[in-house]
Amino acid sequence: MSGSVGSECQCASRPANRPMKLTAGGGRPQLIAGVSRIGVERVSYAVVQMRHSKDPEGGWEPAFPHDVGFLLLADCPLSGWALYSYDTLDSEKEWAPLLDVPPSLRVLLDSAQRWPPAMAVSRQKVEDFFRGSAPEPADFLERLELIIRREFAAAFSGFQLRENRIHEVCYRAPGDWFWVRPKEDKPGLVEWVSDDFFLYVARSSDFRAVGNEAS
């Protein structure tokens, strides 16, 4: 998923997340990796069925119990479900997800969120792989696990931490820092990782130069 360059963002178009209570820094999603310092066992992952939202504006939401904090990690729009992380301390015992995430993928997801570019690139690649199709949840998770492993093997993949210079409603403010890399075959453009692990496209000049670029 990529945002258009220089466009004004519309909050309503973004996937709905309910802040996870145990995240640090005022609930900013990019700090979810801080959960590891509290106890990873408090966070779990699951494929969750979508349902019509009770919000007056309509739309869809994951079928979590009331007051469970969650964060969208990857989805497949034609399937009617999505992969979420959620706060297990909030969940009700009688609630069950569509599919639990296997232990091998849980470990990778914990690590990927500590390295946001890996999570963002993996999310985009798995969604692109299944675009226009409706896979079974198990097939989706199997492909995601394979992709995350490949992204870690690719190490840093050209990303740098750079300071943002512009204001974009709902997305970024001056002084925020994001993982950024040059957009392949697009001079003057970059890809940047949002707080909730999406990849967006922007002008390189939106971010302060670092290293050799600054000299």
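Quick note: the coordinates plus some simple rules give every number you see, no bench work behind them. As the structure is a prediction and not an experimental result, all values here were calculated from the model. Cβ sites come from the backbone with ideal geometry, for glycine too, and all protein chains shown count toward neighbours.
Quick notes on this structure:
- For the range 160-214: rounded, prolate or oblate by the Cα gyration tensor [a/c cutoff 1.5]: oblate
- HN-Hα J in Hz across the range 190-203 - Karplus 6.51, -1.76, 1.60, θ = phi - 60°, x for Gly and Pro: 9, 9, 10, 9, 6, 4, 10, 6, 9, 9, 10, 9, 8, 6
- Distances between placed amide hydrogens fall under 5 Å for D196 paired with no residue 5 or more residues away or on another chain.
- Global form of the range 83-201, assessed from the alpha-carbon gyration tensor, a/c cut-off 1.5: prolate
- Put simply, the amide H of S53, placed in the peptide plane, has neighbours under 5 Å in G59, W60, E61, leaving out anything fewer than 5 places away on its chain.
- Sorting the segments 112-123, 187-198 by their residues' average number of neighbouring beta-carbon atoms within 10 angstrom, most packed first, yields 112-123, 187-198.
- Net charge dipole size for the range 160-214 [Lys, Arg +1 and Asp, Glu -1 on Cβ; Debye, nearest 20]: 180
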